[in-house]
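Enquirer: Sharing a structure, written as structure tokens. Questions coming.
The values are calculated or read from the model by the stated rules, or taken from the named source; none is laboratory data. Just so you know, these numbers come straight off a predicted model, no measurement behind them. Cβ: placed from backbone, ideal geometry, glycine included. Neighbour counts: every protein chain shown. Accessible surface is based on the protein model in full, side chains and every heavy atom, while ligands, DNA and RNA are left aside. Shrake-Rupley method; radii C 1.70, N 1.55, O 1.52, S 1.80 Å.
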Amino acid sequence: MRTGESTSTTMSGPVSSGTGNGDPQRADWWRSAVVYQLYIRSFADGDGDGIGDITGIRAHLGHLRDLGVDAVWINPWYPSPMADGGYDVADYRAVEPVFGTAADAALLVDEAHATGLRVLLDIVPNHTSDRHSWFVEALAAEPGSPARARYVFRPGRGAGGAQAPNDWRSVFGGPAWTRVTDPDGTPGEWYLHLFDVAQPDLDWTNPEVVAEFESILRFWFDRGVDGFRIDVAHGLVKADGLPDLGVEEKGLLSPADRDDHPFWDRDGVHDIYRGWRKVADSYPERRVFVAEAWVSSSHRLARYVRPDELHSAFNFHYLNTPWDAAALRRVVDRTIATLAAVDAPPTWVMSNHDVVRHVSRLGRPQAVDGPAPYSLADLPPVETLDLELGTRRARAAALLMFALPGGAYVYQGDELGLWEVEDLPDRSLQDPTWERSGHTDRGRDGCRVPLPWSGTASPFGFGPAATEPWLPQPAGFADVTVAAQEGDPSSMLSLYRSALALRRTHPALGDGTLTWLPSAPGVLAFARDPGFTCVVNLSAYPVALPAGADVLLAGGPLAGGPLAGGSELPPDTAVWLATDTLDG
Ligand code: GLC
Ligand code: MG
């Protein structure tokens, strides 16, 4: 019996056959889950203030149900001065009034569950807002006091302590230290902020910090939340003595040539997550974590998802891979092998709220050697962008990603084929990167433009008629609204819906393994048992499809004409085929 055979190929023990990947009762749902990233400020605005909110999400749960995702991850919705889009949290146990109320949040969790969606929140443990009560207390307190010991305060170096305690730089540009003024008006200690000056780093050697975050996890788990995405999961622990870095570095990524980085990916973070896992496992119904950890290799990433640590982690090595068959095959193989060794499911992601939308990355010349850039400042100039090519590749990339073993992440708007908005007026830019880089890096606002739902002019149904979205929407959004794409079988939205519907019911998809098939140079072809094959043509030439295979879903028109059975796969196109089950 074929479906029965397929269970022996999964890495996680039995997957009940016949239920597909969409059965919400499965305890291991997260191993196959497609998680939709909901950037709350830009998803849907219920009250017309131009900023997305919980009421807006509740009004559009039907979109997520029809899309066929399994869970949502909601970016931070806590009270925040919004110095960094909500990643500056002032109170971890409440909801930002601009986004709604605690009651709205409770309704959303219930309604999402009733729709068959799990809900993951975003927890920000590396730093708080400078308006968090702990930091306000710390500023008012003496050097050496318990209030200051929750953060990383240090005396300055040099005469009068006028120089920063070390040479670390903020991810957003500029020094990672800011000097405070003491209550009596004299210059005082410095505090560490790996990100914006409004995001002071917590001191995770302090047991009070450890206890506080475990309590925050429980607070939301008790309210039915199914899990958390962990912000900057690789940054919490700093090297004793805070040694100089010695080189100029910028970004979230711990460099590959260094395994003793003073603040990225230090061994001590793993103890923290072992504690968090115990908290999650104390609940009868599964609670899960996904780590945002920008680390140097799949091996380093696998350490975060060992059996007693986190459940899953974003695969940024995949996001970073150029559109190149050999490079993709390498990263897929490495991912599957390293994660299988710790019995964690692979995950795949193309875009999120921090990187240039992949339509706009794939539409540019691809890196030949090494990782592909993902920030605007590092990408080839906009003059090299071919949006049509990027869109075609994005369709192929979607079929590739959803066919790979494990879980996948969709960033809101991926399903509409949204591109990076690269011509936002300077005065609209809100990402702190823009200011902190001295206006040299335009930052991440271009992937955060509010979603187009319907209509032919802004706000495109993002909010009530007169709403002015917090970032301006381009006129071109008229062609890609949900309403415009819904009835069009050739739209990106239709492709996503078809792919996710198949993924839910096809027993070969989701968690498991793959087998590479022989293929022409520049072509990826793999089988998944039972009876499924994915072929992606990244070469410049059409390639013949295996004879006699039934097309389940094609990313674009097949060549060879109907008489020839549409038997050729054009460049930058992917196809899902029903094939004979491999022996084994
Ligand atoms: C993560 C978030 C990013 C934020 C940063 C600081 O990388 O994804 O948006 O700016 O952490 O919290
Ligand atoms: Mg609003």
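Enquirer: Taking the options Val290, Val210, Val237, Val247, name whichever one is surrounded by 23 or more Cβ atoms within 10 Å (Cβ to Cβ) and either modelled with pLDDT under 95 or touching a Phe, Trp or Tyr at 6+ places or on another chain (Cβ under 8 Å) (or both).
Expert: Val290
Enquirer: Could you grab the pairs with beta carbons closer than 6 Å, sequence gap of 6+ or different chains, first residue in the stretch 410-435 and farther than 22 Å from Pro380 by Cα, second one modelled with pLDDT under 95?
Expert: Matching pairs, first to second residue: Pro432/Phe172.
Enquirer: Let me ask you something else. Restricting to the stretch 140-156, count the residues that are touching a Phe, Trp or Tyr at 6+ places or on another chain (Cβ under 9 Å) and outside any loop (DSSP other than H, G, I, E, B).
Expert: 5
Enquirer: Give the stretch 77-91 a look and list any residue that's touching a residue at least 60 places away in the same chain (Cβ under 8 Å), within 13 Å of ligand 1 (Cβ to nearest atom) and on the phi < 0 side of the Ramachandran plot, or say none.
Expert: Ala83, Asp84, Tyr87, Asp88 - these are the residues of the stretch 77-91 that are touching a residue at least 60 places away in the same chain (Cβ under 8 Å), within 13 Å of ligand 1 (Cβ to nearest atom) and on the phi < 0 side of the Ramachandran plot.
Enquirer: While we're on this one: Determine whether Arg274 is surrounded by 15 or more Cβ atoms within 10 Å (Cβ to Cβ), over 21 Å from Ala140 (Cβ atoms) and among the basic types (Lys, Arg).
Expert: no
Enquirer: Hey, another quick one. Report yes if some residue within the stretch 131-151 is under 22 Å from the mean Cα position of the chain (by Cα) and either within 13 Å of ligand 1 (Cβ to nearest atom) or open to solvent by 10 Å² or more (accessible area, probe 1.4 Å) (or both); otherwise report no. Please lay out each step first, then the result.
Expert: As a first pass, look at the stretch 131-151 and keep what is under 22 Å from the mean Cα position of the chain (by Cα): none.
Looking through the stretch 131-151, none of the residues is under 22 Å from the mean Cα position of the chain (by Cα) and either within 13 Å of ligand 1 (Cβ to nearest atom) or open to solvent by 10 Å² or more (accessible area, probe 1.4 Å) (or both).
Enquirer: For the subset of the stretch 435-468 comprising residues that are farther than 18 Å from Val421 by Cβ and within 16 Å of ligand 1 (Cβ to nearest atom), which member is least open to solvent (accessible area, probe 1.4 Å)?
Expert: Ser437
Enquirer: Please find, within the stretch 424-449, the residue that is modelled with the highest pLDDT out of those that are in contact with a Leu (Cβ under 7 Å, 6 or more places away or on another chain) and among the basic types (Lys, Arg).
Expert: Only one residue fits best here, namely Arg448.
Enquirer: Within the stretch 191-240, track down each residue that is among the basic types (Lys, Arg), outside any strand (DSSP E or B) and under 19 Å from Ala291 (Cα atoms).
Expert: Selection gives Arg218, Lys238.
Enquirer: Is the stretch 257-271 home to any residue that is at pLDDT 95 or above, touching a helix residue (DSSP H, G or I) at 6+ places or on another chain (Cβ under 8 Å) and over 18 Å from Leu194 (Cβ atoms)?
Expert: Yes, that holds for at least one residue.
Enquirer: To continue, here is another question. Looking only at residues that are assigned to a loop (DSSP other than H, G, I, E, B) and among the acidic types (Asp, Glu) in the stretch 302-336, which one is nearest to the chain's Cα centre (by Cα)?
Expert: Result: Glu309.
Enquirer: Right, Ala408: in contact with a helix residue (DSSP H, G or I) (Cβ under 6 Å, 6 or more places away or on another chain) and either under 30 Å from His506 (Cα atoms) or buried (at least 16 other Cβ atoms within 10 Å of the Cβ) (or both) or not?
Expert: yes
Enquirer: Report those helices (runs of 4 or more DSSP H) wholly inside the stretch 22-67 carrying at least 1 residues which are more than 16 Å from ligand 1 (Cβ to nearest atom). It would help to see each step written out before you state the result.
Expert: Numbers: elements: 40-43, 54-59, 61-67.
Of the helices (runs of 4 or more DSSP H) lying wholly inside the stretch 22-67, those with at least 1 residues that are more than 16 Å from ligand 1 (Cβ to nearest atom) span 54-59, 61-67.
Enquirer: Which condition number does Arg427 fail, the rest of (1) in a helix (DSSP H, G or I); (2) touching a helix residue (DSSP H, G or I) at 6+ places or on another chain (Cβ under 8 Å) being met?
Expert: Among (1) in a helix (DSSP H, G or I); (2) touching a helix residue (DSSP H, G or I) at 6+ places or on another chain (Cβ under 8 Å), Arg427 violates only (2).
Enquirer: So which residues in the stretch 386-405 are surrounded by fewer than 21 Cβ atoms within 10 Å (Cβ to Cβ) and closer than 25 Å to Trp434 by Cβ, if there are any at all?
Expert: Leu387
Enquirer: Given the criteria assigned by TED's automatic domain parsing to the domain that holds Leu121 and under 21 Å from the mean Cα position of the chain (by Cα), does Asp257 qualify?
Expert: no
Each row is one residue, and each column tells you yes or no for (1) closer than 22 Å to Ala293 by Cβ; (2) assigned to a helix (DSSP H, G or I); (3) open to solvent by less than 10 Å² (accessible area, probe 1.4 Å).
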residue: Val69; (1), (2), (3): no, no, yes
residue: Gly86; (1), (2), (3): yes, no, yes
residue: Val89; (1), (2), (3): yes, no, yes
residue: Ala94; (1), (2), (3): no, no, no
residue: Asp104; (1), (2), (3): no, yes, no
residue: Leu107; (1), (2), (3): no, yes, no
residue: His113; (1), (2), (3): no, yes, no
residue: Leu120; (1), (2), (3): yes, no, yes
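Enquirer: I'm told Leu471 meets every condition in (1) at pLDDT 95 or above; (2) more than 16 Å from ligand 1 (Cβ to nearest atom) except one. Can you identify the failing condition by its number?
Expert: Among (1) at pLDDT 95 or above; (2) more than 16 Å from ligand 1 (Cβ to nearest atom), Leu471 violates only (2).
Enquirer: Among Asp91, Asp84, Asp66, Asp104, which is the only one that is under 19 Å from the mean Cα position of the chain (by Cα) and either β-branched (Val, Ile, Thr) or at pLDDT 95 or above (or both)?
Expert: Every option except Asp84 fails the conditions.
Enquirer: Please specify each residue of the stretch 380-404 satisfying the condition of being within 22 Å of Gly510 (Cβ to Cβ) and part of a helix (DSSP H, G or I).
Expert: Of everything in the stretch 380-404, those that are within 22 Å of Gly510 (Cβ to Cβ) and part of a helix (DSSP H, G or I) turn out to be Ala394, Arg395, Ala396, Ala397, Ala398, Leu399, Leu400, Met401, Phe402, Ala403.
Enquirer: Pick from Gly235, Gly173: which is within 14 Å of ligand 1 (Cβ to nearest atom) and on the phi > 0 side of the Ramachandran plot?
Expert: Just one listed residue meets the conditions, Gly173.
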